[in-house]
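We did not get these values from a lab; they are worked out from the coordinates using the rules stated. Note that the structure is predicted; figures quoted are calculated from it, not measured. A quick note on method: Cβ atoms are made from the backbone with ideal geometry, for glycine too, and the neighbour counts reach across all protein chains shown.
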Amino acid sequence: MADGGTGPGSDGQGIGARVLRKEDKRFLDGAGRYVSDIYLPRTLEAAIVRSPVAHAENLKISPPAGAEGRFFTAEDMAADGVQPIHVVSKFPGHKGSDYPHLATGKLRFVGESVAVCLADTRAAAEDLVAGAEIDFNALPPVVDMLAAVEPSAARVHDDWDDNVILDSRFDANAENVSAPVSVTRTFRMNRQAVNPLEGAAVLAEWDAREDRLVVYSASQIPHILKNALCECLGLRQNQVRVVAPDVGGGFGYKCVLLPEEIYIPWVAMQVKRPVRWIQDRREHLVTAANAREHHYSVTLHAQPDGTFVGLEADIIVDSGAYSVYPHSNILESTMAGRTLHGPYTFSAYKVRSRAVATNKPPIVPYRGVARPGICFALELAIDAMARELGREPYDLRMQNLVPPEKMPYTTITGGEFDSGDYPEALRRSADLIDVAAVRARQLEGEADGRLIGVGFGCYIEMTALQTSAAARAGLAAIPGYEQAHVRLTPDGGLEIGVGVQNHGQGMETTLAQVACEKFGLDIDMVSVRHGDTATSPYSTGTYASRSMVMAGGAIARTCDVLGENIRRIGAHLLQCGFDETTISGARVVGPSGDVSFAEVARVWHRNPEDLPADVDPAGVEVTSGFRPSPDKSPFSYATHAAIVAVDPELGHVEILDYVISEDCGTIVNPMIVDGQILGGALQGVGTALFEESCFDAEGQPLSSTFADYTMPGSTHLPNIRLDHLVNPSPLTEFGVKGLGEGGAIPPPATIANAVNDALREYGAEVSETPITPRRVRACVVAKS
Amino acid sequence: MKSAKFDHQRMVTLEEAVAALGSADGEARIMGGGQSLGPMMNLRLAQPDLLIDLSRVGGLDGIEVAGDTIRIGARVTHARIEDGAVPGVTGAYMQFVASGISYRSVRNRGTIGGSVAHADPSADWPSALLALGGDVVIAGQDGERRMPLDGFQIGPFATGLGFEEILTGFELPTLGEGAKCGYYKVNRKPGEFADAIGAVVIGSAPRVVCGATEAAPFRVVAAEERLAAGAAEISVADARDMIAAQDPGFDDYDLQIHAVALSRAVGRAFA
Amino acid sequence: MTELTLKINGEDVTADVEPRLSLADFVRDHRRLTGTHLGCEHGVCGACTVLMNGEPVRSCITFAVAADGTEITTIEGFDDDDPMTMLRQAFHENHALQCGYCTPGMLVAARDIVTRLPDADEDRVRLELAGNLCRCTGYVGIVNAILSVIEKRQA
């Protein structure tokens, strides 16, 4: 611990405490304030005319009758000098594709925004949409990524010579990738939607008193949205304020810019009234069918004794029609290529990864980003290798996981794992799931005729992506230092401002716990505010499992600086030397007395005549920052294990038991940690078994309501047994690591491996998510 | 997802409602519980010009036993049936069916008459009641008439109701103590619409229904004959043949799951 | 426009509304009771669940005019309700919410479970929750909270 802090506060509210959430009350009372709950007088409601086809040119738009001054197109925006969304990485050969806010001449996916209609009610705005006419010449759509890479495919972007956005190679000792035993498999993870329960939402007005554009958006990245608004609308930074109020889930969908977040504010400026657009579920399922679509051809090479030698793969990521801001459309394909190796040791690597453009919505980095896909591909290949070698899958993994004595470990592609005991996590999950009991049960058979299987999934998760790695990887958005404002208030409490944005992770509580750890303050005396660019420090936002590492680290460092100033004042009041003081229980403690924070605050705020002459003029309101030094990322990891029952007659899969053994370093709040893992795991079950955004041959979305798109629910996962290891990170304050995404990463692999274990007598394997009854039946039928 | 505009009229009597159906400009629909029509209207897949509100009309909520017939009003909700408002063996069967329809908050508003009149091919009541047998009671220009449940639904969202008719209730058989019933719904999440339905009621004679077919539910003749001959189970393989013989246009997967539903419904009937 | 008279959280309300206005939009936009949320507008997610004459219903697929003459209770109307007070505390203690968007509808559904099914076990609770989507929590905290209230009420 850094100087000053002496442990948990008055009721054990520091690091490690199971503090109940400060933010709960308003949500339980129905008093949360999401964008759609904010009322501004004279607001006009927007409904969007959207493309009915996947690919077309010569777009012509006719406004509906009675919509004068209430109908806006790309032409109107261009006439006003609005710039499109522009983002390219530093990868050589990355083909740029500006993302128009409203379609310009061409239509590139069903649901693409074409025009904005305004009215007093959303219903009336939708009436106007129904009256608008779009004319165009349809073009052959590019729907499947495998067809898209063919040279003969139609072009999504006319000025490109093919549909490959970026073709990357990740080769290391590639000439030695082969080994005596190999398995080759093809895998597909199908497209799905993110579906936070609150969709996107934007409310914007030009605020006359503030003399700036004020945009309320359900965003994970308010400062980044502010940047985009300035770049696109030609505004100065001091002319824009973005507020992310309460946000109903994000999971990565809300950490990329939506065109609506630019054109709705622009429209508000034109009509000089607030304008509101609330995404409905059909809009989300159609326009946000944009996550996870990967294809893998993988060959795993090993020695006959099971030692992994080489990993070969050809990866394609269906990245949709445009590049998204700020991460661009190659984040996922490059992550997949670079980290397919997972937590295992390989001596050779030969991986090609292509991001491909198609006439579908632009890809967003949904919780886990590339990792659910690469985990699925590698973990299923490992099980296939185990079957090939006649080994228990658990055993083969144990043999090849990076062992703890090799930490910090440099991977075959140059990444560095900071700390962790991957084999121990596997060992514990195997114990919890009891493989031997499953094997015995399989021999007996089930009375109801179902087939039982057990499966494992191991993963590592880089958390809190750092500057050097991002720059080296050529990514478009580079994170830097994270700041926190910490202010000691006249009553001796703390007001803390952070740039990350809380949307379910409990940060109003967990980040306060950091301050409690430092000062021993009661958590009721600490408030953490976020989401408003007017009052929060700049931040790239909440994504990449970074908030506790970065914002928590920033608060810790800022409290250290503030603590010095407090001690200086306290020492003066106690008539002792600065070096004789410490902080404990929100008091400055000297050799013969102590003084409260409230007392120190009183002197600073109300009786400055009693301040020491050498007090820092920055006083009791401090901004400081944090980045791990060296700027490397902590890696969380876990092993998941599951037992499933497969009904061979119907193809239904039921999860009977599910265990997780995980390590996210030092745990700040065990209740919050468990909640993140459990929530992520059910999302992973959704990817594994249920969620798919289907498209027909014309690129028409077929899964546009919850009648066609099944969300995982309360009956789909039994209570998970959660086990925790703690191997602190050497890189961060308190040894914390990120963990928000991890729960969602291995369930598809774990469940698929369990299903394939159940189906082993059929000799057919599921290799595609979601593992629907049809796909399971296809395996059953293939044998017969 | 806001509905298109429509007019709304509150009726006090059935005659009034029938007349309004007849005299409406454009498409008129009865507003039942709104649980099926509501989503379709929000999606603008249905855009009636007039909704006729019967909530003040009496005589549609009753459940009466008269000898070997149970008369159930069209406006009886799934929730009331789930809670056991229909007596006897018939009631127990219907209670089981009702409890699997959607979610409680939908069951509180959704009605048995609305469900059958709406005739969603994946809904429960059209299949479940077809297996029970009995009549639909209808109010029209010329007063009241009856139609047997057999053949009432003629296709997806299509029934034998005329444009100016209102489904007012059902007359269902009072099953005896020895009657056997089995209902099996294939879906992946409780409350979801069915992928396949098997419904078996063996009262005076066996009635076996294959439902959630994307068309009207149909009785599986060969299965009824097998049960009438004394069988107490039907294998999935046999069920496949029996269903396929009636040419339902299923691919192999759909045939399989409908056969499983039928086979397991028989299993439940004899459990 | 149709005239509408009903009670909302004990208060008499009269309004003239378009027939197509949903009960959810009526309480949210006309009465500014924004605790009831819209998550799907086709009756699947349950975020819009309110009580109508004491029974839970989906306000997104209920037209406001269909609520004429009824008593509606939204999440804002349970201040003096024992079961809801117990559930709120149990949700808090069991981490049964994260982003909070599903929470009002979830609480109304949970209240229906504990009052209508006082002997429900875990399987039954999970079954009854199938109509309320939560994307954040994975349901464990919600199920634990409801079971704890059932147990307390049995005591």
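Take the Cβ-Cβ distance between A:Ser62 and B:Arg268 as r, set R0 to 45 Å, and report the resulting FRET efficiency rounded to the nearest 0.05.
0.20
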Counting Lys and Arg as +1 and Asp and Glu as -1, each charge on the Cβ, what is the dipole of the stretch B:180-269 about the Cα centre in debye, to the nearest 20? 500 debye
How do the peptides A:648-655, A:68-75 rank, highest first, by the average count of neighbouring beta carbon atoms within 10 Å per residue? A:648-655, A:68-75
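When averaged across all projection directions, what area in nm² does the alpha-carbon convex hull of the stretch B:129-271 cover? It would help to have the intermediate numbers written out before the result.
Details: hull surface 37.3 nm².
Orientation-averaged projected area of the Cα hull: 9.3 nm².
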Options A:Ile264, A:Phe109, A:Gly593, ranked by Cα towards positive dipole end of chain A, top entry (Cβ charges): A:Phe109
Rounded if a/c is under 1.5, else prolate if a/b beats b/c, else oblate: with a ≥ b ≥ c from the C-alpha gyration tensor eigenvalues square-rooted, which is the stretch B:7-53? oblate
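Only Lys, Arg, Asp and Glu count, each charged at its Cβ (+1, +1, -1, -1), so figure out the dipole size of the protein assembly as shown about its Cα centre, rounded to 20 debye.
Details: 106 positive and 158 negative charges, 235 e Å.
Dipole magnitude for the protein assembly as shown comes out near 1140 debye.
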What percent do you get for the relative contact order of the stretch A:617-705 when only Cα pairs under 8 Å and 6+ apart count? 18 percent
As a footprinting exposure proxy, order C:Glu151, A:Glu609, A:Glu388 by other Cβ within 10 Å, with the fewest listed first. A:Glu609, C:Glu151, A:Glu388
FRET efficiency (A:Ser592, A:Gln399; Cβ distance; R0 56 Å; to 0.05) is 0.35
Sequence-separation-based contact order of the stretch B:6-165, relative, with Cα cut under 8 Å and 6+ spacing, percent: 21 percent
For the pairs A:Lys254/A:Lys360; A:Lys106/A:Lys360; A:Lys226/A:Lys254; A:Lys60/A:Lys106; A:Lys272/B:Lys2; A:Lys90/A:Lys406, flag any whose C-alpha to C-alpha distance is greater than 21 Å. A:Lys272/B:Lys2; A:Lys90/A:Lys406
With the 8 Å Cα cutoff and a minimum separation of six or more residues, chain A has a relative contact order in percent of 17 percent
Using only Cα atoms, find the angle between the long axis of helix C:140-154 and the longest principal axis of chain C, and express it within 0 to 90 degrees, rounded to the nearest 10. 80 degrees
Given Cβ point charges of +1 (Lys, Arg) and -1 (Asp, Glu) and nothing else, what value in debye, to the nearest 20, does the dipole of the stretch B:7-53 about its Cα centre take? 240 debye
Let me know the shape class of the stretch C:24-120, please: from the alpha-carbon gyration tensor, a ≥ b ≥ c as square roots of the eigenvalues, rounded when a/c is under 1.5, otherwise prolate if a/b is greater than b/c, or oblate. prolate
Surrounding net charge for A:Val622, when Lys and Arg each add one and Asp and Glu each subtract one, Cβ distance under 11 Å: -2
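In peptide B:185-192, what is the residue-averaged number of other protein chain Cβ atoms found within 10 Å of each Cβ? If you can, show how the numbers build up before the last one.
Details: counts 0, 3, 2, 13, 11, 9, 7, 6.
Partner-chain Cβ atoms within 10 Å, mean over residues of B:185-192: 6.
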Fully extended, how many nm does the chain gain between A:Arg209 and A:Asp305 (0.36 nm per residue separation, minus their Cα-Cα distance)? 27.2 nm
Determine, from the Cβ-Cβ distance of C:Glu93 and B:Ala205 and an R0 of 56 Å, the FRET efficiency 1/(1 + (r/R0)^6), rounded to the nearest 0.05. 0.50
Per its Cα gyration tensor (rounded if a/c is under 1.5, else prolate when a/b beats b/c, else oblate), chain A is best filed as oblate
When the charge dipole of the stretch A:37-154 is computed with +1 at the Cβ of Lys and Arg and -1 at the Cβ of Asp and Glu, the Cα pointing farthest to the positive end, of A:Gly96, A:Pro141, A:Phe72, is that of A:Gly96
Quick calc: nm separation of the 7 Å Cα→Cβ label points for A:Thr467 and A:Asp616 -> 2.0 nm
Counting only residues 5 or more apart in sequence or on a different chain, those whose built amide H sits under 5 Å from that of B:Thr159 are B:Ile154
By the mean-Cβ-within-10 Å protection proxy, highest first, A:434-445, A:697-708, A:636-647, A:16-27 rank as A:636-647, A:16-27, A:697-708, A:434-445
By per-residue mean of other Cβ atoms within 10 Å, what is the highest-first order of A:520-526, B:111-117? B:111-117, A:520-526
Can you tell which of B:Val18, A:Ile643, C:Asn132 lies farthest toward the positive end of the dipole of the protein assembly as shown, using +1 and -1 charges on the Cβ of basic and acidic side chains (Lys, Arg; Asp, Glu)? A:Ile643
Per residue of C:13-25, count partner chain C-beta atoms within 10 Å of its C-beta, then hand back the mean as an integer. 4
Per-residue ellipticity at 222 nm attributable to helices in the protein assembly as shown (runs of n ≥ 4 DSSP H, -39500 (n - 2.57) apiece, nearest 500 deg cm²/dmol) works out to -8500 deg cm²/dmol
Under-5 Å amide H pairs with C:Ile8, H placed in peptide plane, nonlocal only: C:Val13, C:Ile72
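Work out, step by step, the length gained on full extension between A:Asn137 and A:Arg439: first 0.36 nm times the residue separation, then minus their alpha carbon distance; give nm to one decimal.
My answer for the length gained is 102.7 nm.
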For chain B, what does the convex hull of the Cα positions come to per residue, in cubic angstrom? 127 Å³
Work through the residues other than A:Ile134 whose Cβ is under 13 Å from its Cβ and net out their charges, Lys, Arg +1 and Asp, Glu -1. -1
What's the local net charge at C:Val143, with K and R +1, D and E -1, over the other residues with C-beta under 12 Å away? -2
